[in-house]
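So the structure is just underneath, and the comments pick up after that.
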Amino acid sequence: MDTRTLFKLALIAGAFGNSSALFAADSAKMVNGKSVFGEPAERSAYALIVDVKAANYANIKCGETITFVNGGKTFTWKFDVVNHQAVDIRKIAPADFTDKALIVYVERNEFERN
């Protein structure tokens with residue numbers, strides 16, 4: 001799909017409130033190349049820490065940050081998730097981080113518009 005077609009679809013989607021047309025063929029990326037799940041982040045004292053071996057899921061609000069720990073490996077992710085969909089960390093984790101499914105359920109935060 002070329003850029004003009006995607007732009008037209010985005011305009012149509014905006015008119016009808018359907019954001020799914022804003023995604024490129026790769027469903028994990030938006031047209032601008034950013035992930036629909038958020039972005040890597042710097043580890044901070046405010047990040048929730050989740051041990052991948054001990055957890056099967058995490059519940060968070062959109063915009064929150066999690067540092068995932070798996071043995072001696074860690075990575076931190078800020079969840080700005082399109083349509084607040086659930087995210088399996090295997091989709092966002094660095095290669096060889098884990099092969100275990102751990103689902104992050106992302107809900108709307110209090111500052112988002114309805």
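Throughout, read-outs are computed from the coordinates displayed, never taken from laboratory work. In this text, all values refer to a predicted model and were calculated from it rather than measured experimentally. All Cβ positions, even for glycine, are placed from backbone atoms using ideal geometry, and neighbour counts span all protein chains on display.
The figures follow:
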| item | result |
| --- | --- |
| Loop GluC sites (Glu not before Pro), the range 32-114 (other Cβ atoms within 10 Å of the site Cβ: 11 or fewer; DSSP) | GLU42, GLU110, GLU112 |
| Computed E for ASN59/ASN32 - FRET, C-beta separation, R0 22 angstrom, nearest 0.05 | 0.20 |
| Calculated SAXS-style log₁₀ I(q)/I(0) at q = 0.11, 0.12, 0.14, 0.27 Å⁻¹ - the range 37-114, Debye, Cα scatterers | -0.25, -0.30, -0.40, -1.47 |
| In the range 56-114, the trypsin sites (Lys or Arg not before Pro) that fall in loop regions by DSSP, at most 11 other Cβ within 10 Å | ARG113 |
| Inter-label distance for GLU110 and ASP88, nm, one decimal - labels placed 7 Å from Cα along Cα-to-Cβ | 3.4 |
| Sparsely packed chymotrypsin sites (Phe, Trp or Tyr not before Pro) within the range 24-114, loop by DSSP, other Cβ within 10 Å at most 12 | TYR46, PHE111 |
